[in-house]
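Each remark here refers to the structure printed beneath this line.
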Amino acid sequence: MTDRPTARETVAAVADDSTFTELPHPARESGPDGPLSWQGYDAARARAAERTGERESVVCGTARVEGTPAVLLSFEFGFLGGSLGERTGDRLEAAYTYAREHRLPVVPLIATGGSRMQEGMLALTQLQRVARQSALTREAGLPQLAVLRDPTTGGGWATLGAGADVVLALPGAQVGFAGSRVRPPDADPAAYTAEAQVAAGTADAVVEPRDLRRTLARWLRLLTSTSTEPAPPPPSLGTTDLPATGWDAVRRARDPRRPRAERYLDTYFTHRLPISGDRCGGTDPDGMLCGFGEHEGRTVAYAAQTGTATRPAGYRTAARLIRLADRLGIPVLTLVDTPGAANDAEAERQGAGAAIADVFGAVAAARTPVTTLLIGEGGSGGALALAAPGNTWATPDSYFSVIAPEAAAAILKRPPEEVAATADQLRIRPQDLAQLGLIRHAPRDNREYRP
């Protein structure tokens, strides 16, 4: 990026007019040239202040973003590269404390090269200080939404950026733990970009500058809306009559014309915003859709399988979504639709079992209500992991099975011609599942979709 707005220009780009109020911060006294007596440090700070009009590398204050109040932490890269020193830490700590006291979300608008060399290890330990404030804010149930500007590197990325609940990035921004001056000489620069971080699952989306205020405002509204009521299950969008046999249920669920997750989500939500990535280097955009949306005036989180074999990154993203919703007090809707978890060698290398266990654990530990709708195939534990015990529903064109009927017949050493009979014996139809007490209802029409 060649155009680098200042800290206050960035605030003006996202905040409603005349709503930004800078927060007070403690005054720190230090000897000549800072805590390390680094020769020329005072002169460098004075030049930075004259050039930028700021006294430090971050500007902290409160503002409204399309009406939603928040605490903004806007970095000034022109002040010593937006680096973090002790006084930066003072300002950030004061701002986080204010956010918790006044129950406000925190929005870091990051542009930093990392820790300040002239303060040595004292500067580096500000990362621990920031991490502590972020953790306290997380424990308080307040959302943190980071915006990655150019550049976002070093400890600022590793704490304020990557540690946020939702991470948005401006196009072309340099983003990475290693700054441009400390990378290996043969490092691919394309790996240190906003786009690369989204592809790697460590950031959620790239947002054009013209859309930043609107997108940030939508996120703030969604993540600050809490509810203790379970999300109602969506109405069935497919066939309304129940399958006659187990194999009929399987054929219906596998029908390519059957409504899939995208259609259910589009029908259910007035608008929705996705999160992306497992924060471990992976994404599963073809297998798992996760995010937050507005349904009948309130926020509902969603994790939806798309009918394909779900990969480990998809499960880890779903677990991340469920834990975030739980912490913020937002109900969760899961849509189950998978023939099963991906079982290829690469999935095993990526930790398929641990990823599925992560989802089981997230659902089991959730204090916020979780609602599940089975909309197609329910293949084994890879599907069950997303299902809410006691609050799972099913459409007429779905089935749930301990394993696919073909695999069950193979395990039982039955010939292929006995697959259909095996499907009947497994009792996998929606009405069978209801009779067994595994789902709340096997509805025939939309009127019956009420808990």
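Taking Val166, is it surrounded by 21 or more Cβ atoms within 10 Å (Cβ to Cβ) and touching a strand residue (DSSP E or B) at 6+ places or on another chain (Cβ under 7 Å)? First the steps, then the outcome.
On the way: surrounded by 21 or more Cβ atoms within 10 Å (Cβ to Cβ): yes; touching a strand residue (DSSP E or B) at 6+ places or on another chain (Cβ under 7 Å): yes.
Answer is yes for this residue.
So for segment 99-106 (the condition being closer than 25 Å to Thr317 by Cβ and touching a strand residue (DSSP E or B) at 6+ places or on another chain (Cβ under 8 Å)), does at least one residue qualify? Break it down stepwise before answering.
Residues of segment 99-106 closer than 25 Å to Thr317 by Cβ: 105-106.
Filter again for touching a strand residue (DSSP E or B) at 6+ places or on another chain (Cβ under 8 Å), leaving 105-106.
Yes, that holds for at least one residue.
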- Task: Starting from segment 105-124, keep only residues that are farther than 14 Å from Arg87 by Cβ, then list their pairs with residues that are surrounded by fewer than 21 Cβ atoms within 10 Å (Cβ to Cβ) and of a type in the set (Phe, Trp, Tyr) whose Cβ atoms are within a distance under 9 Å, requiring at least 6 positions of separation or different chains.
- Result: Gly114/Phe177; Met117/Trp38; Gly120/Trp38
- Message: Against the conditions (1) over 18 Å from Leu145 (Cα atoms); (2) touching a His at 6+ places or on another chain (Cβ under 9 Å), where does Met121 fall short? Just the number, please.
- Response: (2)
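Looking at segment 402-424 only, could you name the residues that are small (Gly, Ala, Ser) and touching a residue at least 60 places away in the same chain (Cβ under 8 Å)?
So in segment 402-424, the residues small (Gly, Ala, Ser) come out as 404, 407-410, 420-421, 423.
Residues satisfying the conditions are Ala404, Ala420, Ala423.
Looking only at helices (runs of 4 or more DSSP H) that lie completely in segment 180-288, which have at least 3 residues being of a type in the set (D, E, K, R) and within 26 Å of Pro396 (Cα to Cα)? It would help to see each step written out before you state the result.
On the way: elements: 194-199, 212-223, 246-254, 261-268.
Where helices (runs of 4 or more DSSP H) fall fully within segment 180-288 and carry at least 3 residues being of a type in the set (D, E, K, R) and within 26 Å of Pro396 (Cα to Cα), they are 246-254, 261-268.
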- Search segment 22-38 for residues being at pLDDT below 95 and within 33 Å of the chain's Cα centre (by Cα), and hand back the single one that is surrounded by the fewest Cβ atoms within 10 Å (Cβ to Cβ). Pro24
- Those residues of segment 1-38 which are under 21 Å from Gly53 (Cα atoms), part of a loop (DSSP other than H, G, I, E, B) and among the hydrophobic types (A, V, I, L, M, F, W, C), in sequence order: Ala15, Phe20, Leu23, Ala27
- Query: If Asp344 satisfies every condition in (1) surrounded by 15 or more Cβ atoms within 10 Å (Cβ to Cβ); (2) at pLDDT 95 or above; (3) not basic (Lys, Arg) but one, which is the exception?
  - Reply: (1)
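Residue check: is Thr215 in contact with a helix residue (DSSP H, G or I) (Cβ under 9 Å, 6 or more places away or on another chain) and in contact (Cβ under 8 Å) with a residue 12 or more places away in the chain? Reasoning before the result, please.
Details: in contact with a helix residue (DSSP H, G or I) (Cβ under 9 Å, 6 or more places away or on another chain): no; in contact (Cβ under 8 Å) with a residue 12 or more places away in the chain: yes.
Taking the combined requirement at face value, the residue does not satisfy it.
Mind listing just one residue for me: the one in segment 56-109 that is of a type in the set (Asp, Glu) and not in a helix (DSSP H, G or I) and, of those, surrounded by the fewest Cβ atoms within 10 Å (Cβ to Cβ)?
Step one: list which residues in segment 56-109 are of a type in the set (Asp, Glu), which gives 56, 66, 76, 86, 90, 93, 101.
Imposing the further condition that a residue be not in a helix (DSSP H, G or I) reduces the set to 56, 66, 76.
Values: Glu56: 24, Glu66: 14, Glu76: 26.
Going through the qualifying residues, I end up with Glu66.
The values are calculated or read from the model by the stated rules, or taken from the named source; none is laboratory data. Just so you know, these numbers come straight off a predicted model, no measurement behind them. Cβ atoms come from the backbone with ideal geometry, glycine included; neighbour counts cover every protein chain shown.
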